[in-house]
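Step one of this worksheet: look at the structure below.
The values are calculated or read from the model by the stated rules, or taken from the named source; none is laboratory data. Owing to the predicted nature of the structure, the values given are computational and were not obtained by experimental measurement. Don't worry about glycine lacking a Cβ; one is built from the backbone with ideal geometry, like all the others, and counts go over all protein chains shown. For the accessible areas, the whole protein counts, side chains as well, though only heavy atoms, and no ligand, DNA or RNA atoms are used. Shrake-Rupley method; radii C 1.70, N 1.55, O 1.52, S 1.80 Å.
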Amino acid sequence: MGHWSRSPCLDEPLAAQAEAVLRNASMRLGDEVVGTMAACDPDMAALNYRECFVRDFAVSAAAFLAVGETEVVRSFLLTVARLRPDQASSSIPPAAGLMPASFTVQRAADEEGLGEVVADYGQRAIGRVAPVDSALWWLLILRAYQRASGDAEFAREPEIAAAVERVFEFYLRPQFEMLPSLLVPDGSSMIDRRMGVYGHPLDLQVLFFAALRAGLELLEPSPMRQRVFERLAALGRHLRKDYWLDRARVETIRRYPVEEFGVLQQNPWNLHPDAIPVWTMAWLAEGGGYFAGNLGPARLDVRFFALGNLLAVSSGLATPAHTQALFELVEHHRRDLVHATGVKLTYPPLEERDWYTLTGSDQKNVPWSYHNAGTWPMLLWPLASAARIAGRHELARDVVARAATRLAGDDWPEYYDGPFGGLIGRRSRLRQTWTVAATLAAAALLADDDDMDPFAFEHDEALERAIDEVEPDEVGRIA
Ligand code: GLC
């Protein structure tokens with residue numbers, strides 16, 4: 001463990017420049033750093049970018065933990081665990097177990113004392129979106145902190161243990177559901193706007209899978225831990241079987257019967273074969289595979305969502321065979337997916353009528369911009385983590401090294417526009433913290449395979465066996 005500049009992807013001056021931007025984003029409560037602001041753009045209106053977002057801090061945590069800076073991560077975890085929704089600020093109080101999208105420290109200029117931590121559970125957020133992913137990220141940060149620091153006692157401290165319990169109570173509660181996946185509203189994760197990502201979006205399902213795996217490590221043996229294990233096995237089986245897309249799977253779906261009733265169906269979601277777009281057939285005919293973006297009644301969203309697919313590798317949702325197929329796909333379609341500025345968040349964009357209807361005519365999410373097939377530097381971090389597991393270090397090193405120079409030259413933009421990610425995003429912040437943190441974290445991950453990736457998961461034989469067990473009602477169902 002050492003400094004970020006030990007990596008072949010980052011020279012000393014670049015690492016120093018990035019570090020200065022990251023440290024400048026520190027959010028303080030008294031003397032203590034408890035988080036990082038999302039962006040410190042000197043020119044653009046801050047809106048909520050001066051807040052510390054839980055999901056963005058995961059990337060900062062990865063950068064800090066890579067160089068042994070565990071204290072700030074611990075402070076962040078405690079600060080978030082202590083937050084409770086202000087009952088008065090919304091008409092329906094957010095559920096206990098929901099964690100905020102972001103928080104900030106408020107302090108009047110003439111005020112003595114530490115200041116007050118104020119959180120946003122969606123009651124102030126643009127579009128009033130619910131941050132379903134926050135608590136899942138918080139669990140992953142907690143586990144990563146524990147692995148990197150060796151501080152196993154921390155998760156047993158009453159405030160932390162109670163927060164872990166609250167989260168699982170909430171996320172495992174029964175709902176209007178027939179599936180082990182999480183049913184969520186639109187815009188409830190990194191894509192925090194309408195983008196046709198309601199229902200069972202991949203990004204959240206993979207985060208849920210990873211957080212459940214974290215739960216197995218964080219919880220003492222108990223009925224709750226047993227519930228976590230059972231949900232995890234069912235979720236893993238469902239995602240591997242029903243979300244995975246490759247040429248063989250597309251061949252099968254293209255020949256699905258429809259309107260089946262009963263338990264032993266070939267086509268349980270009543271997918272209509274003609275709904276598979278031509279580009280998907282062309283893409284997959286060349287080999288490789290990936291996890292689809294969403295699945296529900298008559299709905300298979302075949303868009304490629306990078307965060308979910310890359311985290312699938314780090315979380316162990318992707319088997320070694322899936323992992324190789326995914327990177328084969330990335331190699332085949334590198335021009336579309338991986339650029340000198342980062343990785344495409346989604347591909348392809350929603351265009352024309354689809355864009356108009358599914359985004360509500362969102363001007364920030366026009367085709368090839370922002371969440372709608374924009375290129376995101378923060379994805380360098382999950383890319384590096386997944387590439388290490390896949391043994392594709394060269395690909396990731398090449399991308400991260402080229403990106404580091406470009407991003408520093410552009411003053412660390414939030415995202416890029418265009419089919420090949422070549423233009424700074426039209427409404428992109430500069431000095432975006434997770435852009436900087438992802439560059440540092442990715443460079444550190446690619447420096448030395450002997451350094452553990454605290455966010456990655458190793459093979460778990462008991463879990464694999466449970467995932468492979470066939471459920472009684474699935475016997476006879478044709479894949
Ligand atoms: C935007 C992004 C969201 C991110 C936030 C702060 O709202 O959509 O994913 O957490 O900015 O960077």
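Percent of accessible area on the chain owned by carbon and sulfur, 1.4 Å probe?
54
Per residue of region 14-25, in order, report the coupling 6.51 cos²θ - 1.76 cosθ + 1.60 (Karplus, θ = phi - 60°) as ³J(HN,Hα) in whole Hz, putting x for Gly and Pro.
Using θ = phi - 60°, the values come out as 5, 4, 5, 5, 5, 4, 4, 5, 4, 5, 5, 8 Hz.
Charges on Cβ only, +1 for Lys and Arg, -1 for Asp and Glu, centred on the Cα centroid of region 2-465; of 457, 136, 302, which one is farthest towards the dipole's positive end?
It is 302.
Answer with one residue from 350, 409, 27: the one whose Cα lies farthest towards the positive end of the charge dipole of region 2-465, charges on Cβ with Lys, Arg +1 and Asp, Glu -1.
Of the options given, the answer is 350.
Could you give the distance between the Cα centres of region 213-254 and region 1-40, to the whole Å?
When both Cα centres are located, 35 Å separates them.
For region 312-327, what does the Karplus curve 6.51 cos²θ - 1.76 cosθ + 1.60, with θ = phi - 60°, yield as ³J(HN,Hα) per residue in whole Hz, taken in order and with x for Gly and Pro?
4, 6, 5, 7, x, 5, 6, 6, x, 5, 4, 4, 5, 5, 5, 6
Within a Cβ distance under 14 Å of residue 131, other residues only, what is the Lys/Arg minus Asp/Glu net charge? Intermediate values should be presented prior to the final figure.
On the way: positive: 55, 124, 128, 193; negative: 51, 56, 120, 133, 186, 192, 203.
Charge balance in the 14 Å sphere: -3.
Give, to the nearest whole percent, the P(r) tail of region 1-150 beyond 18 angstrom, counting all Cα pairs.
Result for the distance tail: 60 percent.
Let me cross-check residue 305: its accessible surface, 1.4 Å probe, with only protein heavy atoms counted, in Å² to the nearest 10?
Approximately 10 Å² of residue 305 is accessible to the 1.4 Å probe.
Would you grab the residues whose amide H sits under 5 Å from the one on residue 295? Only those 5+ places off in sequence or on another chain, please, with H modelled 1.01 Å from N.
Amide H neighbours of residue 295: 200, 301.
Arrange the peptides 242-253, 378-389 so that the one whose residues have, on average, the most other Cβ atoms within 10 Å appears first.
378-389, 242-253
Quick one: Cα centre-to-centre distance for region 361-424 and region 122-172, in angstrom?
With region 361-424 and region 122-172 each reduced to a Cα centre, they are spaced 27 Å.
Could you sort 313, 118 by accessible area so the largest value comes first, with the probe set to 1.4 Å?
Result, largest first: 118, 313.
When only the heavy atoms of the protein chains count and the probe is 1.4 Å, how do 171, 198 rank by accessible area, highest first?
Largest accessible area first, the list is 198, 171.
Less than 15 Å Cβ to Cβ from residue 422, Lys/Arg counted +1 and Asp/Glu -1: what total charge do the surrounding residues give?
On the way: positive: 334, 335, 344, 402, 406, 426; negative: 336, 410, 417.
Net charge around residue 422: +3.
Per residue, how much accessible surface does the chain expose to a 1.4 Å probe? Answer in Å², no decimals.
The answer is 40 Å² per residue.
Give me a comma-separated list of calculated 3J(HN,Hα) values for region 355-367, in order, Karplus coefficients 6.51, -1.76, 1.60 applied at θ = phi - 60°, integers in Hz, x for any Gly or Pro.
Per residue, the Karplus-derived 3J(HN,Hα) values read 4, 4, 7, 7, 9, x, 6, 6, 5, 7, 9, 5, x Hz.
Name the residues whose placed amide hydrogens come within less than 5 Å of the amide hydrogen of residue 29, ignoring near sequence neighbours (fewer than 5 apart) on the same chain.
Close amide H contacts, sequence-distant or interchain: 34.
Arrange the residues 439, 319 by how much accessible surface each exposes, largest first, with a 1.4 angstrom probe.
Per-residue accessible area, sorted high to low, gives 319, 439.
Normalise the Cα radius of gyration of region 2-465 by 2.2 N^0.38 Å (N = residues in it) and let me know the number.
After normalising by residue count via 2.2 N^0.38 Å, the value is 0.93.
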